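**Student:** Got a structure here, written out as structure tokens. Questions coming.
Since every read-out is calculated from the coordinates, none of them should be taken as a lab result. From a predicted model like this one, the values you see are computed outputs, not experimental measurements. Positions of Cβ are generated from backbone atoms using ideal geometry, with glycine treated the same way; all protein chains shown enter the neighbour counts.
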Amino acid sequence: MSRSAHPAGPRHADVYPEGHYTAPAADLNLLDEKVWARSVRRDDEGVVSVGGLAVTRLAEEFGTPAYFLDESDFRARCRAWADAFGPDADVFYAGKAFLSRAVVRWLREEGLNLDVCSGGELTTALDAGMPAERIAYHGNNKSVEEIERAVRVGVGRIVLDSFQEIVRVAHIAQSMGKRQRVQIRVTVGVEAHTHEFIATAHEDQKFGIALADGQAAEAVRRALRLDGLELIGIHSHIGSQIFDMAGFEVSARRVVQLLAEVRDEHGVELPEIDLGGGLGIAYTSEDDPSEPHHIAKALNEIVSRECESAGLATPRISVEPGRAIVGPTAFTLYEVGTIKPLEGLRTYVSVDGGMSDNIRTALYDAEYSVALVSRTSDAAPMLVRVVGKHCESGDIVVRDAFLPADLAPGDLIAVPATGAYCRSMASNYNHSLRPPVVAVNDGEARVIVRRETEEDLLRLDVG
Ligand code: LLP
């Protein structure tokens with residue numbers, strides 16, 4: 001049942017079959033390490049800490065709601081991806097998941113590259129010293145100004161997304177006397193999400209150029225003819241929050257098939273393929289993501305096998321994980337404001353944030369977990385829906401979860417795995433102020449994106 005068609009009734013936005021949630025964990029005080037950043041612990045007094053700092057202290061110093069990001073976990077995940085793929089591949093962190101200047105510095109120091117998809121992301125990257133040649137520029141409708149700047153600063157690659165863009169980028173590069181390295185983004189007819197993938201002849205979506213009907217082959221033909229372009233490879237991104245490698249397998253096979261066609265037609269072996277991002281993370285204990293080395297092994301094997309059977313040298317592979325790097329490294333800390341038990345239904349727990357700091361639940365029916373973090377409790381579990389403070393009944397942060405029945409206003413609760421697509425998709429709805437991102441590392445906490453203020457709001461409102 002789709003969200004737009006959910007039936008009217010008392011259980012607003014209850015789009016899941018009744019009772020879909022699993023039973024409460026045996027001990028609500030235990031933190032499942034799968035969903036929490038690596039340095040998160042519950043100390044002897046029962047308070048949860050990250051990087052050695054108690055959330056009670058963090059809340060006092062930085063306020064709530066706030067995102068707390070475990071820097072050493074972020075760096076470790078970068079290294080895990082880089083090590084897993086090795087020196088003959090490139091890992092591009094997808095900045096759309098969450099980008100700030102501190103993040104760019106960490107990426108730079110850990111040897112990762114960066115995928116940007118807007119002028120704003122490019123500015124952030126360059127400002128924080130990411131070398132332009134380590135940047136890939138994406139987007140289905142890059143403006144002429146964006147392309148000009150990308151070419152001028154010398155980004156390592158522009159990923160071409162349409163026939164118009166092939167000509168546009170070629171023209172701009174040529175007029176600057178440059179030859180821009182580019183990839184062509186193809187749609188392979190596979191769309192993968194979470195546990196399943198769907199294959200269709202033509203993907204009905206806005207990105208890329210279809211492999212079907214020889215369109216991608218035609219795009220290659222045109223790109224190879226243009227002096228302003230150096231075509232280095234083919235790009236494919238098949239979806240997000242994917243756990244099943246089968247979608248990547250189909251995608252890699254089809255991309256390699258195109259490389260073989262290009263070799264046969266033009267006598268050129270394109271040296272690179274990019275398989276995009278989309279690797280899933282654990283939002284709840286039920287999710288089982290793979291480790292980077294398993295993913296790297298699987299992708300390398302698929303590509304080598306396909307290339308071998310097509311008689312091609314194995315191209316250099318790149319991947320673009322966003323969520324899988326930053327997602328698990330952060331949690332959102334909220335203070336409980338009001339608690340409303342609805343007899344026979346559930347208890348609504350209102351926090352001081354909501355859909356403005358996490359739109360994913362409302363937008364994608366995303367599932368999250370939640371824990372009481374300012375103390376332990378031996379009270380019985382109660383079924384809750386964690387909601388925000390916005391003027392909208394779909395303002396849900398965690399649809400169904402269990403918290404201790406003695407939960408009280410003033411308690412701190414935290415939602416793990418909010419590092420990706422939460423702050424980056426945050427809004428000012430109801431003129432709320434977007435929360436800060438605080439990086440925590442080894443006993444130190446540092447604001448990397450400050451909390452918005454009412455002055456920030458008024459600054460944009462010119463009266
Ligand atoms: N590369 C390309 C070309 C992409 O379009 C994306 C994500 C990524 C890499 C990174 O994907 P990741 O590894 O983070 O899944 N707002 C949605 C996700 C949108 C993803 C868009 N593209 C969400 O919150 O789930």
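**Student:** State, to one decimal in nm, how far the label point of Asp27 lies from the label point of Glu455, with both points 7 Å from Cα in the Cβ direction.
**Tutor:** 4.8 nm
**Student:** Report, please, the projected area of region 146-190 averaged over directions, based on the convex hull of its C-alpha atoms, in nm².
**Tutor:** In nm², the orientation-averaged hull projection of region 146-190 is 3.3.
**Student:** Something else: Give me, ordered by chain and number, the residues 5 or more places off Arg316 or on other chains with an amide H under 5 Å from its own placed amide H.
**Tutor:** Under 5 Å from the amide H of Arg316: Glu272, Ile273.
**Student:** OK, next. By counting other Cβ atoms within 10 Å of each Cβ, how are Thr453, Thr329 ranked from fewest to most?
**Tutor:** Thr453, Thr329
**Student:** Any idea what the relative contact order of region 138-321 is, in percent, if you count C-alpha pairs under 8 Å spaced at least 6 apart?
**Tutor:** In percent, rounded to a whole number, it is 19.
**Student:** Could I ask something else about it? Under unit Cβ charges (Lys, Arg +1; Asp, Glu -1), what dipole magnitude, rounded to 20 debye, does the chain have relative to its Cα centre?
**Tutor:** With only Lys, Arg, Asp and Glu charged at Cβ, the dipole is about 1100 debye.
**Student:** Which value, in debye to the nearest 20, describes the size of the charge dipole of region 175-334 about its Cα centre when Lys and Arg Cβ atoms bear +1, Asp and Glu Cβ atoms bear -1, and nothing else is charged?
**Tutor:** I would put it at about 720 debye.
**Student:** Another question, if that's okay. Between Asn140 and Gln205, 0.36 nm times their residue separation minus their Cα-Cα distance comes to what?
**Tutor:** Here the segment from Asn140 to Gln205 would lengthen by 22.3 nm.
**Student:** Also: For Ile198 and Val462, what is the calculated FRET efficiency with R₀ set at 51 Å and r taken between the beta-carbons, to the nearest 0.05?
**Tutor:** 0.65
**Student:** Can you compute the modelled spin-label distance between Arg41 and Ala379, with each label point 7 Å from Cα toward Cβ, in nm?
**Tutor:** 2.8 nm
**Student:** Under the Karplus relation 6.51 cos²θ - 1.76 cosθ + 1.60, θ = phi - 60°, what is the ordered set of whole-Hz ³J(HN,Hα) values for region 269-274, x standing for Gly and Pro?
**Tutor:** 9, 5, x, 9, 9, 10
**Student:** Report the Cα-based extents of region 277-327 along its three principal axes, largest first, to the nearest Å.
**Tutor:** 43, 18, 14
**Student:** Relative to the present Cα-Cα distance, how much length would full extension add between Glu291 and Val167 at 0.36 nm per residue of separation?
**Tutor:** 40.7 nm
**Student:** Considering Cα pairs under 8 angstrom that are at least six residues apart, work out the relative contact order of the chain and quote it in whole percent.
**Tutor:** 19 percent
**Student:** In whole Hz, what ³J(HN,Hα) sequence does region 70-85 give by Karplus (6.51, -1.76, 1.60; θ = phi - 60°), x for Gly and Pro?
**Tutor:** 7, 4, 5, 5, 4, 5, 5, 5, 4, 5, 4, 5, 5, 5, 4, 8
**Student:** Under the Karplus relation 6.51 cos²θ - 1.76 cosθ + 1.60, θ = phi - 60°, what is the ordered set of whole-Hz ³J(HN,Hα) values for region 280-289, x standing for Gly and Pro?
**Tutor:** Residue by residue, region 280-289 yields x, 10, 8, 8, 10, 4, 7, 7, 10, x Hz.
**Student:** Using only the alpha-carbon atoms of the chain, report the extent along each of the three principal axes, biggest first, to the nearest angstrom.
**Tutor:** 71, 45, 44
**Student:** Give me the distance in nm between label points sitting 7 Å out from Cα along the Cα-to-Cβ direction at Leu363 and Lys178, one decimal.
**Tutor:** 3.0 nm
**Student:** At R0 = 22 Å, how high is the FRET efficiency between Asp244 and Arg222 if r is their beta carbon distance? Nearest 0.05 is fine.
**Tutor:** Taking R0 as 22 Å, the efficiency between Asp244 and Arg222 is 0.05.
**Student:** Could you calculate, for region 138-321, the ratio of the Cα radius of gyration to the Kirkwood radius, expressed as Rg to Rh?
**Tutor:** 0.98
**Student:** Would you kindly state how much longer the chain becomes between Glu392 and Glu444 on full extension, computed as 0.36 nm times their sequence separation minus their alpha carbon distance, in nm to one decimal?
**Tutor:** Result for the pair: 15.0 nm of gain on full extension.
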